[in-house]
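The values are calculated or read from the model by the stated rules, or taken from the named source; none is laboratory data. Being a predicted model, the structure only gives us computed values, none of them experimental. All Cβ positions, glycine included, derive from the backbone under ideal geometry; neighbour counts span all protein chains shown. With ligands, DNA and RNA removed, areas are computed over all heavy atoms of the protein, side chains included. Shrake-Rupley method; radii C 1.70, N 1.55, O 1.52, S 1.80 Å.
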Amino acid sequence: MASQEQLSAIKRAKVLMVGAGGIGCELLKTLALSGFQDIHIIDMDTIEVSNLNRQFLFRQSHVGQSKAKVARDAVLRFRPNISITPYHANVKESRFNVDFFKEFDVVLNGLDNLDARRHVNRLCLVADIPLVESGTTGFLGQVTVHLKGKTECYECQPKPAPKTYPVCTITSTPSKFVHCIVWAKDLLFAKLFGDKNQENDLNVRSSDTANSSEHSEDVFECRKDEDIERYGRRIYDHVFGHNIEVALSNEETWKNRNKPRPIYSKDVLPEKQTKENGNKEKGCAADDVSAMVSLSLKNPQDIWNLVENSRVFLEALRLFFLKREKDIGNLTFDKDDQLAVEFVTAAANIRASSFGIPLHSLFEAKGIAGNIVHAVATTNAIIAGLIVIEAIKVLQKDNNNYRMTYCLEHPSRKLLLMPVEPYEPNRSCYVCSETPVSLEVNTQRSKLRDFVEKIIKAKLGMNFPLIMQGASILYEVGEDLEEDMVAIYAANLEKALSELPSPVTSGSVLTVEDLQQEFSCSINIKHREEFDEEKEPDGMLLSGWVEAPVDKDNNKPIGNDESTSNALPSGETLEGEKDDEIQETSEVVEAFTGKKRKLSEVSEVTAPDPSGPSSINQNKPKKLDIDDEADELIISDDWESLTKKKKL
């Protein structure tokens, strides 16, 4: 039962919700039932069929409509006397500026991407408005509280970058199933059904000039009078047979690796077997074609053998050309496109078979290809309740009782919810502590455009940057710019840093501002001649944004005040678990025990990094930044370890 003081704080509050998806629906319902009277919601998305199994404010009839508006209407049916204002818009629009944020008492995030979260974090800092962050991934979840000057901001701890793979690994030496998925999705699917003029390494030319003319032309072009069956087999033989043989000709590559096996369609599927393909098309509407339906494959969790994968590959390709020919040339992979998922799954499995990599089901392949960890409605409900609890504390200014709470998949010390005290601000944070960062870059080769796209926007999360060196403006974005200035800045983008009107060289200090976010950052430039193309594909290295140093003697962050929290008993250790996965989970939880977390330890729910043994042996597991359940999460290699059932 809420106290009179709590009820008074709730009724007076003006709350901004950002996101009306899985967490957002549960959060709006919980806010309304808790007595909040004035709620504003921002969400740019519309309702999709795939949302309906967990976003319970929506129904089939709402598909295609605004999430924010439909959520409002649904809640007003059982709480008609409260005020809910929906905005079907992007939170990064200019109207949602600092002055807009200052209108609210607290901001509650249920977003599904890092870029928008950074944006909201910076606006809350400037407006000095408390922010309650949240996210879920399957059975895992988190709620964190951020108050300017009192706790860390959302960006105080570096977030993991999306996983990337060297091109040579994807095209020549895959060793994991995710490598095969990336190859099938980003190279083969794109080459066959996207822009055929794009350059990639699939159309390998034989080094043997005496080879048949078949490999001296573009094999991805369907020849005149060539039927789809023959075309599909030719593509199959080229990418799974000929290309593998060409790769094997480089003996140096395979000295310390297992050699792949070329696979040709005639060895897997005799001609008469593929004649059966397509004879079972009943139930396949033009807008809902499926190779699985055509071939009577019913269970997406079955792992197809090589013959079944080959049949799906050829049938999916056939259906694309017969049923969706008008789309070919403009298609991009979509995890909600059943035929695309079938094609990519089959292609990845055939390639995996060639390289001796274990095969996966369509269900698993879809998860990897779409970066999906499937959502759990119960987790969303739990997290929504925790958000409201923390929001009430914020409104009451109950500073001593704020908690960052982590929802675990398996109990630890009989706890599924693990509360910990928030960090104080990280004095190394370039966002809330305005600490300069450093950039190593080849100033003679790298263009200003590279700097803007790869560093300013991708790494620092700025949307409308203004770049200055001293009093000289090198680049600016804005609708009120004069045409001649727009032309000058556009020309600057194509110049090397050292060739700009105010040359950027080693030792230069650039000031970068985002006027919309009212955020500024200083960047110290250091010239570096060479970069490792595989490890540093951007040709630039940003540093200086690090976790706060730890005083080893006192076991606490240097410069941060001592915590007096006794929410969790200190000095306790967890019992060892025999099962590896449970043991890895327990290591995560150990990082949460004690009165004060160290900044050198993980601050969010984590997943093990299978790339090396150190991820298990060291007590610093790889950090996983959990997003809202919108089924979008960069997880790559860790997908299997997150989704595999654990032994109890």
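Hey, among the residues in segment 82-128 that are without any contact (Cβ under 8 Å) to a residue 12 or more places away in the chain and assigned to a loop (DSSP other than H, G, I, E, B), which one's most open to solvent (accessible area, probe 1.4 Å)?
Per the criteria, the residue is Arg95.
For segment 35-68, which positions are open to solvent by 40 Å² or more (accessible area, probe 1.4 Å) and of a type in the set (Gly, Ala, Ser)?
Across segment 35-68, the qualifying residues are Ser50, Ser61, Gly64.
Taking the stated definitions as given, is Leu415 open to solvent by 10 Å² or more (accessible area, probe 1.4 Å), at pLDDT 90 or above and over 14 Å from Lys150 (Cα atoms)?
no
Somewhere in segment 425-437, is a residue assigned to a helix (DSSP H, G or I) and either at pLDDT below 95 or open to solvent by 10 Å² or more (accessible area, probe 1.4 Å) (or both)?
no
Could you please find all residues in segment 375-434 being basic (Lys, Arg) and assigned by the TED database to the domain that holds Lys29?
Lys393, Lys397, Arg403, Arg413, Lys414
Restricting attention to segment 7-45, which residues are within 18 Å of Ala381 (Cα to Cα) and of a type outside the set (A, V, I, L, M)?
Of everything in segment 7-45, those that are within 18 Å of Ala381 (Cα to Cα) and of a type outside the set (A, V, I, L, M) turn out to be Gly19, Gly21, Gly22, Gly24, Cys25, Glu26, Lys29, Thr30, Ser34, Gly35, Phe36.
For Met17, all conditions in the list (1) open to solvent by less than 40 Å² (accessible area, probe 1.4 Å); (2) assigned to a loop (DSSP other than H, G, I, E, B) hold save one; what is the number of the exception?
With (1) open to solvent by less than 40 Å² (accessible area, probe 1.4 Å); (2) assigned to a loop (DSSP other than H, G, I, E, B) applied to Met17, the lone miss is (2).
Residues are listed down the side, and each one gets a yes or a no for (1) touching a helix residue (DSSP H, G or I) at 6+ places or on another chain (Cβ under 8 Å); (2) among the aromatic types (Phe, Trp, Tyr); (3) within 29 Å of Glu271 (Cα to Cα); (4) modelled with pLDDT of 75 or more:
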{"position": "Leu192", "(1), (2), (3), (4)": "yes, no, yes, yes"}
{"position": "Leu202", "(1), (2), (3), (4)": "yes, no, yes, no"}
{"position": "Asp208", "(1), (2), (3), (4)": "no, no, yes, no"}
{"position": "Phe220", "(1), (2), (3), (4)": "yes, yes, yes, yes"}
{"position": "Arg223", "(1), (2), (3), (4)": "yes, no, yes, yes"}
{"position": "Arg233", "(1), (2), (3), (4)": "yes, no, yes, yes"}
{"position": "Asp237", "(1), (2), (3), (4)": "yes, no, yes, yes"}
{"position": "Ile244", "(1), (2), (3), (4)": "yes, no, yes, yes"}
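When segment 403-461 is examined, which residues are found to be of a type in the set (D, E, K, R) and either within 20 Å of Phe519 (Cβ to Cβ) or free of Cβ contacts under 8 Å to residues at least 12 places away in the same chain (or both)?
The answer is Lys414, Arg427, Glu434, Glu453, Lys454, Lys457, Lys459.
Would you mention how many residues in segment 20-33 are more than 21 Å from Val120 (Cβ to Cβ) and either open to solvent by less than 40 Å² (accessible area, probe 1.4 Å) or touching a Gly at 6+ places or on another chain (Cβ under 9 Å) (or both)?
Adding up the residues that qualify gives 1.
Take the residues of segment 482-519 that are among the charged types (D, E, K, R) and outside any loop (DSSP other than H, G, I, E, B): which is surrounded by the most Cβ atoms within 10 Å (Cβ to Cβ)?
Ranking the candidates gives Asp514 first.
Determine, yes or no, whether Lys535 is within 25 Å of Pro166 (Cβ to Cβ), exposed (fewer than 14 other Cβ atoms within 10 Å of the Cβ) and either touching a His at 6+ places or on another chain (Cβ under 7 Å) or not hydrophobic (A, V, I, L, M, F, W, C) (or both).
So Lys535 passes the test.
Condition first: open to solvent by 30 Å² or more (accessible area, probe 1.4 Å) and of a type in the set (Ser, Thr, Tyr). Can you find one or more residues in segment 466-481 that meet it?
Yes, that holds for at least one residue.
Mind listing whichever residues of segment 20-50 are out of contact with any helix residue (DSSP H, G or I) (no Cβ under 6 Å at 6 or more places or on another chain), among the hydroxyl-bearing types (Ser, Thr, Tyr) and part of a helix (DSSP H, G or I)?
Ser50
Of the residues Ile467, Ile456, which is outside any helix (DSSP H, G or I) and either assigned by the TED database to the domain that holds Asp532 or not hydroxyl-bearing (Ser, Thr, Tyr) (or both)?
Within the list Ile467, Ile456, the selection yields Ile467.
I need the full set of residues from segment 121-155 which are among the β-branched types (Val, Ile, Thr) and either within 17 Å of Pro422 (Cα to Cα) or assigned by the TED database to the domain that holds Asp514 (or both), in order please.
Ile129, Val132, Val143, Thr144, Val145, Thr151 - these are the residues of segment 121-155 that are among the β-branched types (Val, Ile, Thr) and either within 17 Å of Pro422 (Cα to Cα) or assigned by the TED database to the domain that holds Asp514 (or both).
Of Ile387, Ile368, Ile392, Ile382, which residue is out of contact with any Pro (no Cβ under 7 Å at 6 or more places or on another chain), in a helix (DSSP H, G or I), open to solvent by 40 Å² or more (accessible area, probe 1.4 Å) and more than 25 Å from Arg234 (Cα to Cα)?
Ile382 is the lone residue from the list that is out of contact with any Pro (no Cβ under 7 Å at 6 or more places or on another chain), in a helix (DSSP H, G or I), open to solvent by 40 Å² or more (accessible area, probe 1.4 Å) and more than 25 Å from Arg234 (Cα to Cα).
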